[in-house]
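Inspection log for the structure reproduced underneath, given as structure tokens.
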Amino acid sequence: MASVKIKFRPSTVKGRPGTIVYFVTCYRIVRQIATEYKVFPCEWDEKQSRLVVTPNNERTAIIQLINQRLEREVNKLNRIIEAFDRSRHDYSSDDIIREFQNSGKEVSFFTFLESVIVRLQQLKHTGTAKNYRAALGSFKRFRNNEDIPIEAIDQITMEDYQAYLKSAGLTPNSISFYTRILRAVYNRAVEQELTKDRKPFRTVFTGMEKTLKRAILISDIKRIRDLDLSLNSSLEFARDIFLFLFFCRGMSFIDAAFLKKTDIQNSILTYRRHKTSQVLHIKIIKPIKELIDRYSSKDLPYLLPIITRSNRNERKQYETALRRINNSLKLIANMVKLPIPLTTYVARHAWATIAKSKNVPINVISDALGHDSIATTQIYLASIDTSVIDKANELIIKDL
């Protein structure tokens with residue numbers, strides 16, 4: 001008679017997550033299967049042999065997904081044992097594990113995508129994980145929640161999915177958003193030799209159609225800057241955050257939200273991009289300093305009052321602030337009669353476009369924005385001196 005237990009193996013390095021391990025026992029011979037699931041000691045309930053949700057809300061989704069997969073895999077091991085009990089008298093722990101690993105070669109697409117999401121969350125790629133979860137939800141609706149083996153993903157499946165999205169009224173770029181994510185997941189499965197590459201995405205749209213421009217002119221920036229918003233603090237704050245992003249070479253809002261006072265040393269702001277982990281350095285010129293002085297609070301470790309409660313779901317605070325600021329920017333756009341909707345992201349496009357109009361080299365612009373994807377930015381091959389970028393920034397801002 002064989003049995004399966006789940007156990008937690010702590011990491012030998014303090015502060016690092018440990019590993020979930022399956023213990024398969026047959027005729028007192030114990031074998032182990034180390035899983036890919038990494039969790040912290042506080043997330044493991046030894047008595048119940050299962051994961052528990054901790055007060056850290058950011059990992060709630062991760063724990064729930066891992067628990068679901070643990071339950072499925074343990075059930076699978078138990079079914080293998082039951083099959084062996086019915087069909088043969090003599091089998092070992094090694095036989096059980098071998099059958100488990102062999103049967104695991106046909107991985108379902110939903111399950112594999114869930115594992116990718118878990119990994120992204122473990123790596124703190126929260127935004128990407130959120131996008132992947134949206135793609136999974138869309139594909140599940142298309143499939144009426146009926147899972148499909150990765151081996152069964154083919155050209156017809158993806159063409160039917162694309163037609164489903166079109167019938168739902170999605171634009172080509174929205175369709176591409178989902179198909180590109182599914183393609184990335186499929187390619188990952190191919191790399192892990194879970195399936196042969198059948199090129200299922202070759203006839204569906206995974207590109208990007210040109211959309212209305214998001215950039216605005218330097219004259220538009222001036223009009224936004226010169227607005228008298230002193231009687232409306234929320235509009236004034238939104239406008240000033242927009243200007244801060246522009247002055248900081250089109251900084252992304254998420255990077256600005258998590259800036260700390262300690263990131264400034266010797267009048268240089270140094271930060272790491274959330275999206276690419278690239279380290280950028282920005283000279284604190286007068287317009288930037290004025291905004292920092294206006295909004296910096298002694299009670300907060302952060303440079304700007306976007307995240308105002310430390311250690312209390314900071315990601316949610318950032319997302320709430322982004323929605324509030326973008327709503328205010330829409331009102332500001334109407335006030336100055338802009339031809340396009342105004343969002344924090346427009347500051348990034350505007351900086352790049354204005355820099356290009358002033359003949360700033362494309363590699364300097366790419367380095368200034370912190371891009372590292374050749375596919376989307378055609379970025380430089382050699383590093384650019386930070387002082388060159390700062391000069392480009394001052395060249396743009398001096399016209400205000």
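The values are calculated or read from the model by the stated rules, or taken from the named source; none is laboratory data. All figures in this text were calculated on a predicted structure; none of them were measured in a lab. Glycine gets a Cβ as well: all are built from the backbone with ideal geometry, and neighbour counts include every protein chain shown. To get the accessible areas, we keep the full protein, side chains included, count just its heavy atoms, and leave off ligands, DNA and RNA. Shrake-Rupley method; radii C 1.70, N 1.55, O 1.52, S 1.80 Å.
Below, the figures for the structure above:
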{"item": "Charge dipole (the chain, unit charges on Cβ, about Cα centre) - positive-most of Pro10, Gln48, Ala129", "result": "Ala129"}
{"item": "Isotropic mean projected area of the C-alpha convex hull, the range 19-138 (nm²)", "result": "8.7"}
{"item": "Relative contact order, percent, the chain [alpha-carbon distance under 8 Å, six or more residues apart]", "result": "11"}
{"item": "C-alpha center-to-center spacing [the range 296-311, the range 149-182] in angstrom", "result": "42"}
{"item": "Net charge dipole size for the range 246-381 [Lys, Arg +1 and Asp, Glu -1 on Cβ; Debye, nearest 20]", "result": "280"}
{"item": "Accessible solvent surface per residue of the chain, calculated while the other protein chains remain in place, 1.4 angstrom probe, Å²", "result": "56"}
{"item": "Charge dipole magnitude, Cβ of K and R +1, D and E -1 - the chain, Cα centre, debye nearest 20", "result": "660"}
{"item": "Pairwise Cα inverse-distance average, inverted: Kirkwood Rh of the range 218-390 (Å)", "result": "16.8"}
{"item": "Equivalent ellipsoid dimensions for the range 148-254 as semi-axes, Å, which come from the Cα gyration tensor, largest first", "result": "44, 16, 12"}
{"item": "Stretchable slack from Gln155 to Arg143, in nm (0.36 nm times residue separation minus alpha-carbon distance)", "result": "2.8 nm"}
{"item": "Computed helical MRE - 222 nm, the chain, DSSP H runs ≥ 4 contributing -39500 (n - 2.57), nearest 500", "result": "-16000 deg cm²/dmol"}
{"item": "Cross-link pairs beyond the 21 Å C-alpha cut-off, checked among Lys196/Lys275; Lys222/Lys289; Lys337/Lys391", "result": "Lys196/Lys275; Lys337/Lys391"}
{"item": "Farthest toward positive dipole pole in the chain [+1 Lys/Arg, -1 Asp/Glu at C-beta], among Ile268, Tyr37, Cys26", "result": "Ile268"}
{"item": "Debye intensity ratio I(q)/I(0), log10, the chain, q values 0.06, 0.07, 0.08, 0.12 Å⁻¹ (C-alpha model)", "result": "-0.34, -0.46, -0.59, -1.10"}
{"item": "Protein accessible area in the range 109-192, 1.4 Å probe - carbon and sulfur %", "result": "48"}
{"item": "Per-selection Rg to Rh, the range 109-192 - Cα, Kirkwood hydrodynamic radius", "result": "0.95"}
{"item": "Given charges at Cβ of Lys, Arg, Asp, Glu: the chain dipole, positive-most of Met251, Thr203, Ile221", "result": "Ile221"}
{"item": "Kirkwood hydrodynamic radius (C-alpha pairs) into Stokes-Einstein, the range 77-124, 4 °C and 1.567 mPa s, D in µm²/s", "result": "102"}
